[in-house]
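The values are calculated or read from the model by the stated rules, or taken from the named source; none is laboratory data. Not measured: the values here are computed from a predicted model. Here the Cβ positions follow ideal geometry from the backbone for every residue, glycine too, while neighbour counts run over all protein chains shown.
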Amino acid sequence: MSKINVQNLTRDYGSGKGIFNLSIQVEQGEVFGFLGPNGAGKTTTIRHLMGFIKPKTGSCRIDGLDCWKHRDLIQKRLGYIPGEINFFDNMTGIEFLKFLSDYRNMNRSTRVPELLERFELDPKIKIKKMSKGMKQKLGIAAAFMHDPDILILDEPTSGLDPLMQTRFIQLITEEKRKGKTILLSSHIFEEVERTCDRIGMIRNGTLTAVDSVETLRERHMRTYRVHLDSPELAECFANDFHGKCDGNTVTVSAKQSLETIFMNYYGGDKHA
């Protein structure tokens, strides 16, 4: 049984907005990248998984539990970073993490010290005085502090500088090695390429592609033929660019980056 299972989920808001007959399965130990332009349906899908929205058609299950009927249990167990994080601004960071610990009935030691050190966050500061990046770090600590087996992360590195983005990628890589199951919605292509096993691309509420990064690249392979002035130049060019030489002509195949593939799917969409 898939750890995260969305089956034929539809939520029609009218005017072509919503999600339509959406099905996603994420297996144990897999990092699944969820890509799409703003308004494509990523956050709507995630809100169903978190039990914030009741399905009208279709179903959502996490670890076999119905996401609506068992939303309280799921929300306590899961690691979750929302696309827009809301805190209790008058609390300090450590007070907020203590609040979550009590809510989750956590009686064992947490990963808070390790996470605060990794992301260089001072938890004694009032949340209302924190920058967006600091609040994002607090959200990461809140999501990972109870060492959950399943994580749903909606734009988790929004507002982080490149160094902290790299540290987050390292964290996801470590969690993946531990067998954690992760659904990752992101606009950071390097983040997705370096961490995800498979990628689902959503457009106008419908999945347009689900595959591994490598398969997507192979499917969008580009072939170029270059004519040189002499066979000698052609041979040198072929050696430099791993091409095939035929007289003065060199054939070179190149895989596209994930960002280029994404733009192929969405670049011409006026609704993106």
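Points worth noting:
- Only one of the numbered conditions (1) closer than 17 Å to Asp211 by Cα; (2) touching a residue at least 60 places away in the same chain (Cβ under 8 Å) is not met by Phe20, and that is (1).
- Pro148 vs. criteria surrounded by 15 or more Cβ atoms within 10 Å (Cβ to Cβ), within 22 Å of the chain's Cα centre (by Cα) and closer than 19 Å to Lys176 by Cβ: yes
- Strands (runs of 3 or more DSSP E) wholly inside the stretch 4-47 containing at least 3 residues that are surrounded by 18 or more Cβ atoms within 10 Å (Cβ to Cβ) and of a type in the set (Asp, Glu): none
- Taking the stretch 77-99 as the range and being at pLDDT below 90, surrounded by 14 or more Cβ atoms within 10 Å (Cβ to Cβ) and within 14 Å of Ala142 (Cβ to Cβ) as the test, the residues that pass are Ile85, Phe87.
- Only a single criterion out of (1) in contact with a strand residue (DSSP E or B) (Cβ under 6 Å, 6 or more places away or on another chain); (2) among the charged types (D, E, K, R); (3) free of Cβ contacts under 8 Å to residues at least 60 places away in the same chain is not satisfied by Asp211, namely (1).
- Residues (out of contact with any Phe, Trp or Tyr (no Cβ under 6 Å at 6 or more places or on another chain), in a helix (DSSP H, G or I) and of a type in the set (A, V, I, L, M, F, W, C)) located in the stretch 116-142: Leu116, Met134, Leu138, Ile140, Ala141, Ala142
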